[in-house]
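**Student:** Below are the C-alpha cells for one structure; questions will follow.
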C-alpha cells in the first residue's frame, strides 16, 4: 500500500511539474538562464509535493479525520507556498512578498476551518455507523444507524440498516425454527409414547398368556400402530408440501363416497372415544381432486373432532355440492375461539396446550389439511365455537 501511494505521488508530482514546464515554454518562451531557473523551481516544487504527500499519508493512515484535515490544510498551503516561491523568483518587492504570505496564511486557515465545519457531521455519522456495527456484532440485533442523509454516507447507513434488518429477521426465523424443532420432538415423543407403551403392555400380555381376549389385544395393537403411522405420515406430507414435491393425482371422484370411506376407516377411534359418527350427504358430489390426499384430509379432521368431542358426543361429516364441493366436519366440543381461528392451520400451533397434550397431537393435522387443499386448488377454513367446525372445498368438475 505504501509503495503504491509513493508511486502515485511521484507520478502526480512529475506530471504536474512537466505540464507546468511545457506550459511555460509554450506561453512565455523563456531565455536560457530563465529556462534553467524555472526547471529547477518546478523540480523543487515536485520534490516538495512528493515528500509532503508521502509524509501526510504516513502520518494520517490511522485516522480518517486527520487525513481530511491534513488535506484541507495542505491544499491551500501548497498553493500559497508555490505562489510565494514564484513571486520571490520574479524578484517582487519584499512588501509584496509579505502580502502574499499573509494571503496564503489566511487562505490556509480559512480552508482548515471550512474543512472542519464540513467534515464534522461526516465524522459523527461515520462514528455512529461504527458503533452500530459493534453493537450488532455483540448481538444487539435491534441496533440501527438511523442516518438521514442524502449522500453516499446516507446510502451506506441505509444499506447497513437493511442488512441489520435481514440479520435480525434471519435470526428470529432460525430461533423460531429451533423452537418448532424442540416442540416437534417433544410432541412426537409425547404422542408416540402412549401407543408404544400400550402396544408393549399388550404384547407382553400376549407373550405371557395373560391376555383374556387375544383378538381384542391384537386389535388394540393394530389401532396403536395406525396412530403412530398417522403421526409419521403427517410429518412426511408436511415435508413434501414445504419442499414443493407433492404431486397429487387429480381425477374425477365422488366426494360423498370418499367421505363415507374415510369415516368407516376411523370408526374404531370413534367407538373408543364413545363418539357417535355420522355422514350427512344428499347424493353424489362430483369433484376434481386426489383420492388419497382427500381421504387423509377427512381423516385428520375426524381424528381431531373425535378427540375433542365430549363422551357420547356427536361428530358429523357434512358433504355439500353447492356452490363448490365441500366437506365440513362438526363436533360438539368447545371449538376454536374467534381469536384463534386465523392461526388454527399454522404448523405446531394448538388452541390450548394443556388440553392438546392431554389428547395428543403435535399441531400438524390441520396444517396438513390446509396444505393438501391448496395443493389441489381448493382452500380450508375454520369457524369459531361453540362447537368445532372445520371445512374445506375442492374444485368442481368443469
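The values are calculated or read from the model by the stated rules, or taken from the named source; none is laboratory data. This is a predicted model, so every value here is computed, not measured. Note that we place each Cβ from the backbone using ideal geometry, even for glycine, and neighbour counts take in every protein chain shown.
**Student:** For the structure I just gave you, tell me whether residue 197 is surrounded by 11 or more Cβ atoms within 10 Å (Cβ to Cβ), more than 18 Å from residue 128 (Cβ to Cβ), modelled with pLDDT under 85 and not assigned by TED's automatic domain parsing to the domain that holds residue 131. Outline the logic, then answer.
**Tutor:** Numbers: surrounded by 11 or more Cβ atoms within 10 Å (Cβ to Cβ): yes; more than 18 Å from residue 128 (Cβ to Cβ): yes; modelled with pLDDT under 85: yes; not assigned by TED's automatic domain parsing to the domain that holds residue 131: yes.
Yes, satisfied.
**Student:** Considering each of 371, 377 in turn, give the residue that is at pLDDT 85 or above, assigned to a loop (DSSP other than H, G, I, E, B) and under 15 Å from residue 241 (Cβ atoms). Working first, answer last.
**Tutor:** On the way: 371 fails: assigned to a loop (DSSP other than H, G, I, E, B).
The unique qualifying residue is 377.
**Student:** Follow-up. Kindly list the number of the only condition in (1) at pLDDT below 75; (2) touching a helix residue (DSSP H, G or I) at 6+ places or on another chain (Cβ under 6 Å); (3) in a loop (DSSP other than H, G, I, E, B) that fails for residue 104.
**Tutor:** (3)
Results for (1) modelled with pLDDT of 75 or more; (2) over 30 Å from residue 127 (Cα atoms), shown as yes or no for each residue.
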position	(1), (2)
145	yes, no
151	yes, no
163	yes, no
202	yes, yes
206	yes, yes
212	yes, yes
223	no, yes
226	no, yes
241	no, yes
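**Student:** Hey, can you tell me all the residues within segment 39-57 that are free of Cβ contacts under 8 Å to residues at least 40 places away in the same chain and buried (at least 17 other Cβ atoms within 10 Å of the Cβ)?
**Tutor:** 42, 46, 52, 56 - these are the residues of segment 39-57 that are free of Cβ contacts under 8 Å to residues at least 40 places away in the same chain and buried (at least 17 other Cβ atoms within 10 Å of the Cβ).
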